[in-house]
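Every number here is computed from the coordinates shown, using simple stated rules; none is lab data. Only a predicted model underlies this, so the values are computations on that prediction, with no experimental measurement involved. Cβ atoms come from the backbone with ideal geometry, glycine included; neighbour counts cover every protein chain shown.
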Amino acid sequence: MHPLPTLKITEIFPSIQGEGLRQGTPAIFIRLSGCNLQCSFCDTRYAWTGGREKTMQEIVDKVRHIHTDYPAEWICLTGGEPLVQDITSLILSLKRLGFFIQVETNATLSCNLPVDWYTVSPKPDAYAFRPEYKKKAHEIKIVVTKDLNYPVIRRLRNAFPDSIPIWLQPQSILKWSTKKALRLVREALEDGQANIRLGVQLQRLYGIK
Ligand code: SF4
């Protein structure tokens, strides 16, 4: 008999989507363990390793349990990088229960799943992404690090349709990063680039999980 498929999970919790176009929307977050990158500015290092092996049934049960008290319509699959594990059956199970699915990904791994919303966040140094995300992305999020420069933003702007916003997300809402993000938004404006916006992390602003 095959063992039941499991996923390594760091945490599952109810909260509010704090970033991007879906900001302010209640959601149940499933933080999957593991990541294929090691960004120096990562604020979820605790999800790189470890995590608890859970069967699909255990994960779904936990989500349903949270949902009885917190009837959010959206599930946000995040990490780490949620696509380092095969989340196909998890997504299908959650869709069957009627949830809408958001995936936050660094876009370096392939995914052909019935996802309702992709937040694509390419990472330095290469800011690489798989080409299929040009069509799949609903929004792009770039963390404004010390090394980020405007040509990277222009390259990403030219790679994705203008209708897809590019959020410049100040790193951990730090002052220097916010100032830099504002400078970059202005530079994009002067350069005639569309739909490049200043982002924020509501969860940090309000001190919520
Ligand atoms: S891709 Fe995301 S989770 Fe992975 S190291 Fe970078 S910031 Fe952290």
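Would you work out the relative contact order for region 6-206, in percent, from Cα pairs under 8 angstrom that are 6 or more residues apart?
18 percent
What are the equivalent ellipsoid semi-axes of region 123-209, built from the alpha-carbon gyration tensor (square roots of five times its eigenvalues), in whole angstrom, biggest first?
21, 16, 12
In nm², what is the average projected area of the convex hull enclosing the Cα atoms of region 92-147?
For region 92-147, the mean projected area of the Cα convex hull comes to 4.2 nm².
Could you go through region 34-43 in sequence order and give the Karplus-derived ³J(HN,Hα) for each residue, using 6.51 cos²θ - 1.76 cosθ + 1.60 with θ = phi - 60°, rounded to whole Hz, and x for Gly and Pro?
x, 8, 8, 10, 9, 5, 5, 9, 4, 9
For region 11-62, give the magnitude of the charge dipole about the Cα centre (Cβ charges: +1 Lys/Arg, -1 Asp/Glu; no others), in debye to the nearest 20.
40 debye
For region 137-195, what does the relative contact order come out to in percent, with C-alpha contacts under 8 Å and a separation of six or more?
Worked out over region 137-195, it gives 43 percent.
Could you tell me the distance between the Cα centroids of region 168-209 and region 10-28, to the nearest Å?
If we compute the Cα centre of each part, the gap is 19 Å.
Given 4 °C and 1.567 mPa s, how large is the Stokes-Einstein diffusion coefficient of region 118-162 in µm²/s, with Rh as the Kirkwood radius over Cα pairs?
119 µm²/s
Can you pull the three principal axis extents for the Cα set of region 6-206, in Å, largest first?
51, 35, 29
May I ask you to order 64-72, 25-33 by the average number of other C-beta atoms within 10 Å around their residues, highest value first?
25-33, 64-72
Can you compute the helix-only [θ] at 222 nm over the chain? Use -39500 (n - 2.57) per DSSP H run of at least 4 residues, normalise by all residues, nearest 500 deg cm²/dmol.
-8000 deg cm²/dmol
Stick to Cα atoms and the Kirkwood definition of Rh, then tell me Rg/Rh for region 20-119.
Reported Rg/Rh, Kirkwood definition of Rh: 0.94.
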